[in-house]
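Peer 1: My questions all concern the structure below.
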Number of protein chains: 2
Amino acid sequence: MTQSAGVRPRGAGRAQLHETALRLFARDGVEGTSLQAIADDMGVTKAAVYYHYRSKDDLVLGVLAPLFTSLDVILDRAAEHRSRAARLDEFLVGMVDLIVGNHARFAVLVGDPYVSRLMEDHHDLVGWWNRIVDEIIGDKSDPIIPTALIIFLSGMTAPLTTPPVADIGADEQREQLVECGRRILGIRRRSA
Amino acid sequence: MTQSAGVRPRGAGRAQLHETALRLFARDGVEGTSLQAIADDMGVTKAAVYYHYRSKDDLVLGVLAPLFTSLDVILDRAAEHRSRAARLDEFLVGMVDLIVGNHARFAVLVGDPYVSRLMEDHHDLVGWWNRIVDEIIGDKSDPIIPTALIIFLSGMTAPLTTPPVADIGADEQREQLVECGRRILGIRRRSA
């Protein structure tokens, strides 16, 4: 099977696999989609899918991996600023860009109970939040900042699926989300 | 069975049933809790549970009913104000009171996929959002208001389960949530 998968570059096959998986997840749910169904839809053998991922859990984690890499990059970059306002602003703009830019891709995965369990088992979400508290918020003197940030991070994807905001363009969505984030965090403008 | 259930007042039996159901839902999940398990835990027959609810769906909807009644009351009361700022503020304070006051009771139900499906089938959530847009927001001239309100309503329960906010008292939680709501909606103080 290594030979047949080797006919085209490994990266291209994996991208097509992710695309097919996301389309079937959206149609049948993550729980209701088997590796066999994905292979059938691509017109390849199940072995060709196994060449990339050993299980459905592996595949779902593979589809999510770029999101977690981006989260780390955004955190690292924002943490470099000296002032808290600048850190918060860079972090918020980065998160909005990530969510708006990948919305079609990740909407099907965010909130899915199967995916949530998988993320809790394989990604340190508590550690990620602790890094935000320590490295982005830093100064603990204003107790409302963590509350504001949790509300924003938990609620920021909802407008993208709720009219009327769901129906405006990505640029305007991005602008409105950033403005809402700045308001709730009490920061005035981008200081980056 | 009507006779045995009639030994104590109907209202009291129902309250105890709700309490037991919520405790078992929290322990075993809504999907993993049967009417039989609830009856066993209460030391009554399944028939005594059937006296109140014909199915688990009915029971879950019964447990949720006070929440939906409160939502309507909050909406009606807020809609009476003439100025948009006063409507938004009364609505936001009402929602925060409801969520903080019932958090222990409803945390187990909010976000549960079984409950979400049931709510979508039995409650007109889109109609509820449309009422908010028409009767609370009203004036459509500021397009950021619906975005801000969706973010707030979707994110407002998250701090109650995330440290450090989860660990502060209910009064301080209420105060912080209201302040965050006013910030993101751009309203200064309670005008009610």
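Peer 1: Using the alpha-carbon centroid of each, what span in Å lies between region A:20-52 and region A:148-176?
Peer 2: Centre-to-centre (Cα) distance: 30 Å.
Peer 1: Take peptide A:153-165, look around each residue's Cβ out to 10 angstrom, count Cβ atoms belonging to other protein chains, and average those counts.
Peer 2: Average neighbour count from other chains, rounded to a whole number: 6.
Peer 1: Can you list the equivalent-ellipsoid semi-axes of chain A, largest first and in whole Å, using the square root of 5 times each Cα gyration tensor eigenvalue?
Peer 2: Working from the Cα gyration tensor, I get semi-axes of 36, 18, 15 Å.
Peer 1: To one decimal place, what Kirkwood hydrodynamic radius in Å is obtained for region A:19-78 from all pairs of distinct Cα atoms?
Peer 2: After inverting the mean inverse Cα-Cα distance, the result is 12.6 Å.
Peer 1: Give me D for the protein assembly as shown in µm² s⁻¹, whole number, from Stokes-Einstein with Rh from the Kirkwood sum over alpha-carbon pairs, 25 °C and 0.890 mPa s.
Peer 2: 105 µm²/s
Peer 1: Could I ask something else about it? Determine, for A:Arg54, A:Arg183, A:Arg174, the number of other Cβ atoms within 10 Å of each Cβ, and report the residues in order from fewest to most.
Peer 2: Least crowded to most crowded, the residues run A:Arg54, A:Arg174, A:Arg183.
Peer 1: Could you work out the mean count of beta carbons from other protein chains within 10 Å of each residue's beta carbon in B:169-176?
Peer 2: Mean shielding by partner chains, rounded to a whole number: 2.
Peer 1: If you rotate chain B onto chain A, whose Cβ in B ends up lying nearest the axis, and how many Å away is it?
Peer 2: Residue nearest the B-to-A axis, with distance in whole Å: B:Gly155, 1.
Peer 1: At a Förster distance of 22 Å, what's the computed FRET efficiency of B:Gln16 paired with B:Asp97, Cβ-Cβ distance as r, to 0.05?
Peer 2: Efficiency for this residue pair is about 0.30.
Peer 1: Put a label point 7 Å from Cα along the Cβ direction on B:Asp58, then list its distances to the equivalent points in the other copies in nm, shortest first.
Peer 2: So the distances to the same position in the other copies read 4.9 nm.
Peer 1: How about B:Lys56: which lysines have a C-alpha closer than 26 Å to its C-alpha, ignoring those fewer than 8 places off in the same chain?
Peer 2: Cα-Cα hits under 26 Å: B:Lys46.
Every read-out reported here was derived from the displayed coordinates using simple, explicitly stated rules and does not represent laboratory data. Computed from a predicted model, the values in this text were never measured in an experiment. Positions of Cβ are generated from backbone atoms using ideal geometry, with glycine treated the same way; all protein chains shown enter the neighbour counts.
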